[in-house]
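Okay, structure first, notes after.
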Amino acid sequence: MDALHNGKTWLIALLVITGLLVPIFVEDTYLRHLFIIAFVYGMVAASWDLTLGYAGIFNFAHIAFFGVGIYATGLTAKVLGVDPWMAMLIGGLAASAAAAIVALPIVRLKGVYVILVTFAFSQLVLQVVISQSSITGGTQGLVRVPTIWLPGYNFLRDYKLGYYYVAFGLLVATTVCLRCLVRSDFGLSIKALRDSEDYGVSRGIPIARQRLKALVASAFFTGMAGGFYVLYLRVASPEIFDFSTASLVLSMVLVGGTSSIYGPVFAALVLTFMSEGLANIDNFAEGRFMIVAVTMVVVLLFFPKGLASMLPNGFGEKTPEILLHRKRRIAGSTDHAE
Amino acid sequence: MLETNDNQPLLEVRQVSRRFGALVAVDRVSFSIQKGEIFGIAGPNGSGKSTLFNIITGIPFPPSAGEVFLAGQPIHKLRPHQISRAGVLRTFQKDAEFATLSALENVYASAVYCGQMGSNEARVAAQQALDDVSLAAERRTKAASDLSVFERKQLMIASAIAARPKVLLLDEPAAGLTRPETSDLADLIYTVHGRGITIVLIEHVLPLLLKVSEHLMVLNHGAVIASGKPEEVVRNPVVVAAYLGKREAGL
Amino acid sequence: MIMVDMLSAILVSGIVLGSGYALMASGLSLVWTTLGIFNFAHGVLMTLGAYVAWTISSGGGLGLGLAAGVAVTVAALIGAGILIERVVVRPFYDHRDILLITVMTTLAAMIFLQNGIQLIWGARLKQLAPIVPGTVQLWRTTISAQETLMIVLAPIVLAALWLFLSRSRIGRGIKAVGQNADAARLIGIDVSRLFIITFALSALLAGLTGVLLGSVRLLTPEFGSEPLVKALIIVIFGGLGSLGGTIAAAYLLGIIEATLTFFIGIYWTPSMIFLLLIVVLLFRPQGLLGKVVR
Ligand SMILES: Nc1ncnc2c1ncn2[C@@H]1O[C@H](COP(=O)(O)OP(=O)(O)OP(=O)(O)O)[C@@H](O)[C@H]1O
Ligand SMILES: [Mg+2]
């Protein structure tokens, strides 16, 4: 047990060091760009795992929270002139606030209604962004967003070296925080509620409060990721709210395996490179999303624990998997209490 | 705060009802339980026993009407997890443990959230509770879904007592057990009782129910049809008729 | 006078909206009540219907005329419905978490089809020729004849659907399966055949909506997304229990939307609708018109 744990610690240390060394060997700006994008997706996918995998909340508003982070950061930095670093934090807080609003109705709802409300919320955030075009740039997008800075350092003339390390730092910090969360008593309580709602309440777990916390925490990390994303790209477009983005990130969570945090991070790395590689094939922009879609179905069909579970000593927890062991939740099925 | 009465019941249920559309699953039921009692509840299938537990604990729904008091304090308006924290814990008729968590984590979670202990205290309390129900040490790190039927019953009870409840509501704990296991369960109930925990027991296995109960209440169609000393209640013609009637209807 | 004009404008455009929503949402609701799954590909089926009709009937496509367009669309949509059921729904029937999984797989199907449509037809805007040209004066408000056709056709189609479900053998089978699939199987109903028929029927309704709306709005590969989201809102408002509730909610949403658009403008309407949705859900989690489904 301890040996295993140590082995895992070493492996993680090794991976972090590798991550730190990558830019020394990878000098190509485009490849560095791909790493940066992959790190952002890694944060989004891993934090989605907190609600979808650990808490078992059918949360499909996660990409909307990412978008809220993007626009909140972009707008406060550009329109209000807030310091970009500060704006990134505001992005995280705004996403958390949005999550709290969504949580208000959904912590009391069951199954399909949670899915419906979270989807509807995503679409309506999109509508607001598009309709308030005088502020958000509407379908044209938000442009000329200021970028992050450090005294005496120029992020724009270093072949993306600075951005790489900021993104990597954020990813490591996010992963560490998420792992701490899921291993804490709080993490235990949301897994408990996922396994058995009624039993959890009967053992004193306040269901609404824990779900609210899970949503708010998970949205904070994705909002920060969004904040960094917009400061890095310096533009934001409402396309981020598309179903395509949601399914790309969802495929990362599924391929990596839910309830592991690490799985989605690695899947994000692999899938970003794959999907960008495909996007570079001429006239194949649509094809890459078609492949993503096929991947999702194939994974759900044949590897419901995620592809990561195929690896020996997979990084996930050695516990049965949400997608395999959740109770049936079909309305109208004979699943009433007692 | 005037009524500080030594004879005050620990749990008092007054005229509680629960409707599902036209069906009255629990119909103006009242009873009270003294501290330290083992209180048995019997009744044919569908007579409203589990529903009674549901509305006392608020899980998953409160009563449509009526009041519940714990040591004189009203609890029927509290939120469900607050009722649990106030000291009314229950088990469920069907398996309901946290399937993916280990046995130890199951009990620990209850000590932390229901017993509201710090993590060190909770860890000790969890091990102690598992000792009390004598779940083998090497089984405690297993996922709850990997435990045997009897081990899951032990787990369910351990997770309740780790939170130091005042009252424990057991819903058909003997269901699915073999005869020797049922007798182990009786010992388990006495152990819990020995910890000063008042017990309410719903049971279809009559020998067990009659063995441990000090008081027996029988429900039929949601209403109380008899209540008193177990030996007397089972001889009550109304009770006999209710069971027989059910059996004939079942044919 | 101005008051009446206003009322007429709101009511007429509300009913036009409601008719489209009702057609769209009824297909979604049909699959939900029968299979207990939520088909996110429903919107893209609508898009597919409109594109197929355009290809067959329009001058820009094969130019074979309206009748051919409708016939081919019907065939294509039935095929697409069956295909979706086969590929992304059927393999998961025995799964414990079928609801969550099929949300993901039908979402994948939607992404696949939407990008497929873009690949085949490109991103250029298209428009179907109206089935009936011209305009119609309807109680002080002038709308296109096509919109009038929708107002008239929607209740007819929905009534036909209702008759089919309550009178025909297959329809009653579908209802029985929706209430309890296991019991239906026990009394010898071929459940899996009915699942396929349900999907085909629902796809057909989506396609029909697409053909009708395809001449009122411009066709893009995302044509079906907005109606899908509206359909989501409708089933939340109407509760998921019954077709009747869904249809009533569809018209209600149409009129609410028309009223809001009139008074607070098109920009703020979507946000207001969502706020309304949250309020409704806080007080009636089972939907405004619905009964408890669980
Ligand atoms: N959530 C619910 N919705 C509708 N009806 C319910 C619900 N829960 C229980 N009932 C009905 O209430 C009645 C009482 O059920 P209950 O489960 O309390 O009986 P019981 O005495 O525990 O039976 P058993 O011995 O079989 O466990 C039954 O007719 C049951 O169908
Ligand atoms: Mg019962």
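The values are calculated or read from the model by the stated rules, or taken from the named source; none is laboratory data. As the structure is a computational prediction, the values presented were derived from the model and not from experiment. Positions of Cβ are backbone-derived with ideal geometry, glycine not excepted, and every protein chain shown enters the neighbour counts. When the accessible area is computed, the model is the full protein with side chains, heavy atoms only, and any ligands, DNA or RNA have been set aside. Shrake-Rupley method; radii C 1.70, N 1.55, O 1.52, S 1.80 Å.
This table checks each residue for (1) over 16 Å from A:G187 (Cα atoms); (2) open to solvent by less than 40 Å² (accessible area, probe 1.4 Å); (3) within 16 Å of ligand 1 (Cβ to nearest atom).
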position	(1), (2), (3)
B:G87	yes, yes, no
B:R90	yes, yes, yes
B:Q93	yes, no, yes
B:F98	no, yes, no
B:L101	no, yes, no
B:A111	no, yes, no
B:M117	yes, yes, no
B:A125	yes, yes, no
B:A129	yes, yes, no
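Can you pull out the residues in the range A:63-88 that are assigned to a helix (DSSP H, G or I), within 11 Å of A:I148 (Cα to Cα) and open to solvent by 40 Å² or more (accessible area, probe 1.4 Å)?
Once the filter is applied, which keeps residues that are assigned to a helix (DSSP H, G or I), within 11 Å of A:I148 (Cα to Cα) and open to solvent by 40 Å² or more (accessible area, probe 1.4 Å), the range A:63-88 yields A:W85, A:M86.
How many of the residues making up the range C:90-104 are in a helix (DSSP H, G or I) and facing another protein chain (nearest Cβ under 7 Å)? It would help to see each step written out before you state the result.
Initially, the range C:90-104 is screened for residues in a helix (DSSP H, G or I), giving C:90-92, C:98-104.
Within this subset, residues satisfying the condition of being facing another protein chain (nearest Cβ under 7 Å) are C:91, C:98-101, C:103-104.
Within the range C:90-104, residues that are in a helix (DSSP H, G or I) and facing another protein chain (nearest Cβ under 7 Å) number 7.
Suppose we filter B:L104, B:L70 for residues that are touching a Leu at 6+ places or on another chain (Cβ under 8 Å) and within 14 Å of another protein chain (Cβ to nearest Cβ); which single one remains? Even if it seems obvious, please write down each step before you answer.
Working: B:L70 fails: within 14 Å of another protein chain (Cβ to nearest Cβ).
Of B:L104, B:L70, the one residue that is touching a Leu at 6+ places or on another chain (Cβ under 8 Å) and within 14 Å of another protein chain (Cβ to nearest Cβ) is B:L104.
Yes or no: the range B:41-60 includes at least one residue that is more than 15 Å from ligand 1 (Cβ to nearest atom), aliphatic (A, V, I, L, M) and assigned by TED's automatic domain parsing to the domain that holds B:V205. Spell out how you get there, then give the answer.
Let us first name the residues in the range B:41-60 that are more than 15 Å from ligand 1 (Cβ to nearest atom), namely none.
Scanning the range B:41-60 turns up no residue that is more than 15 Å from ligand 1 (Cβ to nearest atom), aliphatic (A, V, I, L, M) and assigned by TED's automatic domain parsing to the domain that holds B:V205.
When the residues of the range B:140-173 are filtered to those that are open to solvent by less than 40 Å² (accessible area, probe 1.4 Å) and in a loop (DSSP other than H, G, I, E, B), which remaining residue is nearest to ligand 2 (Cβ to nearest atom)?
B:E172
Let's see how each residue does on (1) within 16 Å of ligand 2 (Cβ to nearest atom); (2) hydroxyl-bearing (S, T, Y); (3) in the same structural domain as B:A65 (by TED's automatic domain parsing):
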| position | (1), (2), (3) |
| --- | --- |
| B:A175 | yes, no, yes |
| B:V234 | no, no, yes |
| B:V240 | no, no, yes |
| B:Y243 | yes, yes, yes |
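Among C:L107, C:L163, which is buried (at least 19 other Cβ atoms within 10 Å of the Cβ) and either touching a residue at least 40 places away in the same chain (Cβ under 8 Å) or more than 13 Å from chain A (Cβ to nearest Cβ) (or both)? Outline the logic, then answer.
Details: C:L163 fails: buried (at least 19 other Cβ atoms within 10 Å of the Cβ).
Of the residues listed, the single one that is buried (at least 19 other Cβ atoms within 10 Å of the Cβ) and either touching a residue at least 40 places away in the same chain (Cβ under 8 Å) or more than 13 Å from chain A (Cβ to nearest Cβ) (or both) is C:L107.
Suppose we keep only residues that are of a type outside the set (D, E) and assigned to a strand (DSSP E or B) within the range B:62-85. Which one would you say is farthest from ligand 1 (Cβ to nearest atom)?
Taking the range B:62-85 first, the residues of a type outside the set (D, E) are B:62-66, B:68-85.
Narrowing further to those that are assigned to a strand (DSSP E or B): B:65-66, B:68-70, B:73-74.
Working: B:A65: 16, B:G66: 15, B:V68: 16, B:F69: 22, B:L70: 21, B:Q73: 26, B:P74: 23 Å.
My answer is B:Q73.
State yes or no: is A:S122 among the polar types (S, T, N, Q), part of a helix (DSSP H, G or I), within 14 Å of chain C (Cβ to nearest Cβ) and open to solvent by 30 Å² or more (accessible area, probe 1.4 Å)? Spell out how you get there, then give the answer.
On the way: among the polar types (S, T, N, Q): yes; part of a helix (DSSP H, G or I): yes; within 14 Å of chain C (Cβ to nearest Cβ): yes; open to solvent by 30 Å² or more (accessible area, probe 1.4 Å): no.
Spelling it out, it is not the case that A:S122 is among the polar types (S, T, N, Q), part of a helix (DSSP H, G or I), within 14 Å of chain C (Cβ to nearest Cβ) and open to solvent by 30 Å² or more (accessible area, probe 1.4 Å).
Exactly one condition in (1) in contact with a strand residue (DSSP E or B) (Cβ under 9 Å, 6 or more places away or on another chain); (2) charged (D, E, K, R); (3) under 24 Å from A:A246 (Cα atoms) is false for C:D97; which is it?
C:D97 satisfies every listed condition except (1).
Hey, does the range A:154-167 have a residue that's without any contact (Cβ under 8 Å) to a residue 40 or more places away in the chain and within 9 Å of chain C (Cβ to nearest Cβ)?
no
Could you check how many residues of the range A:181-226 are more than 14 Å from chain B (Cβ to nearest Cβ) and farther than 30 Å from A:P238 by Cα? Steps first, answer last, please.
Pass one, the range A:181-226, residues more than 14 Å from chain B (Cβ to nearest Cβ): A:181, A:214-226.
With farther than 30 Å from A:P238 by Cα added as a condition, the list becomes A:181.
Matching residues across the range A:181-226 total 1.
If a residue has to be surrounded by fewer than 24 Cβ atoms within 10 Å (Cβ to Cβ) and touching a Gly at 6+ places or on another chain (Cβ under 6 Å) to count, how many in the range A:206-240 make the cut?
Of the residues in that region, 3 qualify.
Please indicate, with yes or no, whether at least one residue in the range B:18-34 is in the same structural domain as B:P207 (by TED's automatic domain parsing), in a loop (DSSP other than H, G, I, E, B) and open to solvent by less than 20 Å² (accessible area, probe 1.4 Å). Let's see the steps before the verdict.
Initially, the range B:18-34 is screened for residues in the same structural domain as B:P207 (by TED's automatic domain parsing), giving B:18-34.
Next cut, in a loop (DSSP other than H, G, I, E, B) only: B:21-22, B:34.
Adding the requirement that they be open to solvent by less than 20 Å² (accessible area, probe 1.4 Å) leaves none.
So far as the range B:18-34 goes, no, none of its residues is in the same structural domain as B:P207 (by TED's automatic domain parsing), in a loop (DSSP other than H, G, I, E, B) and open to solvent by less than 20 Å² (accessible area, probe 1.4 Å).
Just to check your reading of the model, which residue among B:V234, B:V238, B:V192, B:V218 is in a strand (DSSP E or B) and either over 17 Å from B:L169 (Cβ atoms) or not hydroxyl-bearing (S, T, Y) (or both)?
Numbers: B:V234 fails: in a strand (DSSP E or B); B:V238 fails: in a strand (DSSP E or B); B:V192 fails: in a strand (DSSP E or B).
From the options B:V234, B:V238, B:V192, B:V218, the qualifying one is B:V218.
For the range A:96-112, state whether one or more residues are closer than 17 Å to A:A236 by Cα, away from chain C (no Cβ under 14 Å) and at pLDDT 95 or above. If you could, list the steps in order and put the result at the bottom.
So the first thing to find is which residues in the range A:96-112 are closer than 17 Å to A:A236 by Cα, and the list is none.
No.
Just one of the numbered conditions (1) surrounded by fewer than 15 Cβ atoms within 10 Å (Cβ to Cβ); (2) over 19 Å from the mean Cα position of the chain (by Cα); (3) part of a helix (DSSP H, G or I) is not true of A:A100; which one?
(2)
List every residue pair whose Cβ atoms sit under 7 Å apart, with the two residues 6 or more apart in sequence or on different chains, where the first one lies in the range A:239-268 and is of a type in the set (V, I, T) and the second, anywhere, is part of a loop (DSSP other than H, G, I, E, B).
From residues that are of a type in the set (V, I, T), the pairs are A:V255/A:G306; A:T258/A:G306; A:T258/A:E321.
Enumerate the pairs (first residue in the range B:165-192 and at negative phi and acidic (D, E); second residue anywhere and more than 16 Å from ligand 1 (Cβ to nearest atom) and modelled with pLDDT under 95) with beta-carbon separation below 6 Å, excluding pairs fewer than 6 apart on the same chain, so at least 6 apart or on different chains.
B:E181/B:F150
Based on what the data block shows, is A:R203 free of Cβ contacts under 8 Å to residues at least 24 places away in the same chain and surrounded by 24 or more Cβ atoms within 10 Å (Cβ to Cβ)? Write out each step before concluding.
On the way: free of Cβ contacts under 8 Å to residues at least 24 places away in the same chain: yes; surrounded by 24 or more Cβ atoms within 10 Å (Cβ to Cβ): yes.
Against the criterion (free of Cβ contacts under 8 Å to residues at least 24 places away in the same chain and surrounded by 24 or more Cβ atoms within 10 Å (Cβ to Cβ)), A:R203 qualifies.
Assess whether C:G210 counts as being at pLDDT 85 or above, part of a helix (DSSP H, G or I), more than 14 Å from chain A (Cβ to nearest Cβ) and under 26 Å from C:R90 (Cβ atoms).
Details: at pLDDT 85 or above: yes; part of a helix (DSSP H, G or I): yes; more than 14 Å from chain A (Cβ to nearest Cβ): yes; under 26 Å from C:R90 (Cβ atoms): yes.
For C:G210, the condition - at pLDDT 85 or above, part of a helix (DSSP H, G or I), more than 14 Å from chain A (Cβ to nearest Cβ) and under 26 Å from C:R90 (Cβ atoms) - is met.
Using the structure shown, decide if B:S102 is within 16 Å of the chain's Cα centre (by Cα), away from ligand 2 (no atom under 16 Å from the Cβ) and closer than 19 Å to A:A192 by Cα. Explain how you work it out, then say what you get.
Numbers: within 16 Å of the chain's Cα centre (by Cα): no; away from ligand 2 (no atom under 16 Å from the Cβ): yes; closer than 19 Å to A:A192 by Cα: yes.
Here the answer is no, as B:S102 does not meet what is asked.
Here are the criteria: (1) under 16 Å from the mean Cα position of the chain (by Cα); (2) closer than 21 Å to B:P9 by Cα; (3) not aromatic (F, W, Y). Tell me which single one B:G228 does not satisfy.
Among (1) under 16 Å from the mean Cα position of the chain (by Cα); (2) closer than 21 Å to B:P9 by Cα; (3) not aromatic (F, W, Y), B:G228 violates only (1).
Consider only pairs whose beta carbons are under 9 Å apart and that are at least six residues apart or on different chains; among these, list those whose first residue lies in the range B:40-51 and is closer than 17 Å to B:P237 by Cβ and of a type in the set (A, V, I, L, M) and whose second residue is within 8 Å of ligand 2 (Cβ to nearest atom) and in a helix (DSSP H, G or I).
Taking only residues 6 or more apart or on different chains, the pairs are B:A42/B:K49.
Give the range B:18-72 a look and list any residue that's more than 21 Å from B:G228 (Cα to Cα), more than 16 Å from ligand 2 (Cβ to nearest atom) and either out of contact with any strand residue (DSSP E or B) (no Cβ under 8 Å at 6 or more places or on another chain) or among the small types (G, A, S) (or both), or say none.
B:G21, B:A22, B:G58, B:P62, B:S64, B:A65, B:G66, B:A71, B:G72
Could you list, in sequence order, the residues of the range B:86-102 that are more than 25 Å from B:E203 (Cα to Cα) and outside any strand (DSSP E or B)?
Residues of the range B:86-102 more than 25 Å from B:E203 (Cα to Cα): B:100-102.
Selection gives B:T100, B:L101.
From the list B:L11, B:L78, which one is touching a residue at least 12 places away in the same chain (Cβ under 8 Å), of a type outside the set (D, E, K, R) and open to solvent by less than 10 Å² (accessible area, probe 1.4 Å)? Spell out the reasoning first.
Details: B:L78 fails: open to solvent by less than 10 Å² (accessible area, probe 1.4 Å).
Every option except B:L11 fails the conditions.
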